[in-house]
Structures are given as C-alpha cells and as structure tokens.
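Reading through the structure tokens given below for one structure.
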Amino acid sequence: MLHVDFRKQLEHFELVVDFQLDNEILALVGSSGSGKTTLLNCIAGIVHPDAGSISLNGRNFFQEGNKPLKIQRRKVGYLFQDYALFPHLSVEQNILYSRPPKSDMAHITAVTKVLGITDLLPKYPHQISGGEKQRVALTRALAAKPDLLLLDEPFSALDDDTRERCQEELLRIHEIWNIPIIFVTHRQADAQKLADRVIRVEKGQMTEQLISEASL
C-alpha cells in the first residue's frame with residue numbers, strides 16, 4: 001500500500017497531495033504545469049516535500065523531521081517522459097546501467113522477453129523506434145524488481161498502433177507483477193483504458209474522478 005500525504009511549495013502555488021494506492025493503476029491527469037511530474041518526483045525521491053509523509057508497504061520514503069530515504073533504496077521504477085536513454089550505450093548497457101549489485105539476471109532476461117526486446121539488446125537508441133525506446137525504458141524501470149512503477153507521459157510520443165501495443169504490454173506487466181502503477185497522461189482514452197482510478201491535478205489541488213466521468 002502506498003500512502004502519500006504531503007505539501008510542496010512550487011513557484012505559483014502549493015502542491016497538496018493526499019491519497020492511498022493499493023496494487024492498482026492510477027492515472028494523474030490535468031493541464032501542463034499543474035504539479036503532476038513534481039508529485040512523481042517526490043515519490044521517487046528526486047525532490048523532497050516541504051512537509052508530510054510518503055510510505056510504501058510500511059517503509060518511510062519521507063517523514064517530516066527525518067532524513068528522506070535514498071532513491072536507490074526506494075525500489076521505485078521510473079519511466080521518464082523522454083525515456084532518458086543514454087545515447088552512447090547499447091540497449092543492453094542502458095538496461096543494466098543502474099542495476100543493483102547481485103541483480104537477478106534471470107529476472108532481467110525474463111523482462112526483456114516479456115517486452116519483446118531481446119533482438120534489440122546490441123543496438124543503440126538512435127537505431128530503434130519510439131515504441132522500442134519506450135519498451136527499453138520500461139524494461140530498465142522493471143529490471144530491479146520495483147515495488148512501485150511511475151510513468152510520466154509514457155505514450156505521448158507514440159503513434160496510435162504503437163501506443164496500443166505498449167498499453168497492452170503495461171497491462172500485462174501489471175497483471176504479472178501486481179504492483180501499484182502511477183502514470184501521467186493528457187489523454188482521456190489512456191486513463192479510461194488503463195486506470196483503475198483517476199485523479200485530476202490542477203494548480204496543485206487534487207480531485208478524484210470516476211473513470212466514466214474523466215474529462216481531460
């Protein structure tokens with residue numbers, strides 16, 4: 001269970017976050033600059049809240065007055081909007097770059113097969129398509145067996161056919177790993193197809209919506 005209850009002052013408003021998430025898929029929707037990516041970054045540990053708490057399965061990521069848990073110890077997989085692949089590294093090197101010591105290589109091999117990128121391992125980012133980059137970045141995010149998966153606009157740069165395939169893969173990953181997933185999107189169709197819950201974020205304020213009523 002993910003518990004998130006914090007405040008973070010941004011340039012033009014205060015981000016106020018309060019929700020709990022079981023092993024569900026949550027869509028964060030709202031206009032650009034509303035605080036969605038900052039919310040993900042606070043959970044991941046890239047930035048820290050000003051007050052409040054964040055915990056996952058009883059482990060404190062952030063607790064006001066205490067030292068935040070280091071990023072490497074949070075077991076959070078993060079798929080960035082631009083995928084953040086290193087251009088000078090092969091696909092295989094990208095996947096293994098940040099793996100923890102004594103990684104389960106059998107697990108990593110299994111993920112590459114599930115996502116269908118085994119043939120891409122020797123290639124470099126400039127040699128593969130946008131959909132392939134998305135699957136490589138998702139493989140990297142899953143390589144360390146995360147307890148939580150965060151995705152920032154994972155489908156925004158994909159064509160319709162590739163988006164459809166990648167969404168199906170995400171649903172399959174969720175079925176296999178059964179972990180909480182939070183993704184940011186601007187598309188109503190993405191939220192309606194993938195999410196168990198939808199939360200709208202506007203100028204730092206959160207409102208939960210029914211799937212059928214989601215309006216982006």
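From 88, 48, which residue is at pLDDT 95 or above and more than 23 Å from residue 15 (Cα to Cα)? Answer to the check: 88. Restricting the stretch 127-155 to residues that are out of contact with any strand residue (DSSP E or B) (no Cβ under 9 Å at 6 or more places or on another chain) and of a type in the set (Gly, Ala, Ser) leaves a set whose member that is modelled with the highest pLDDT is 129. With respect to being surrounded by 20 or more Cβ atoms within 10 Å (Cβ to Cβ), among the charged types (D, E, K, R) and over 16 Å from residue 19 (Cβ atoms), residue 135 fits the description. Of the residues contained in the stretch 78-99, one or more are found to be buried (at least 17 other Cβ atoms within 10 Å of the Cβ), in contact with a helix residue (DSSP H, G or I) (Cβ under 6 Å, 6 or more places away or on another chain) and in contact (Cβ under 8 Å) with a residue 60 or more places away in the chain. Scanning the stretch 1-18 for residues that are of a type in the set (Asp, Glu) and either within 16 Å of the chain's Cα centre (by Cα) or in a strand (DSSP E or B) (or both) yields 5, 14, 18.
Identify the residue in the stretch 19-69 that is farther than 22 Å from residue 171 by Cβ and aliphatic (A, V, I, L, M) and, among all such residues, is nearest to the chain's Cα centre (by Cα). Result: 44. Residues in the stretch 122-167 that are among the polar types (S, T, N, Q) and farther than 21 Å from residue 71 by Cβ: 127, 129, 134, 156, 162, 167. Residue pairs whose Cβ atoms lie under 7 Å apart, sitting 6 or more positions apart in sequence or on different chains, and linking a residue in the stretch 140-162 that is over 17 Å from residue 178 (Cβ atoms) to a partner that is among the hydroxyl-bearing types (Ser, Thr, Tyr) and assigned to a helix (DSSP H, G or I), are 152/37.
The values are calculated or read from the model by the stated rules, or taken from the named source; none is laboratory data. Because the structure is a prediction, the values reported are computed rather than measured. Backbone-built Cβ (ideal geometry, glycine too); neighbour counts: all protein chains shown.
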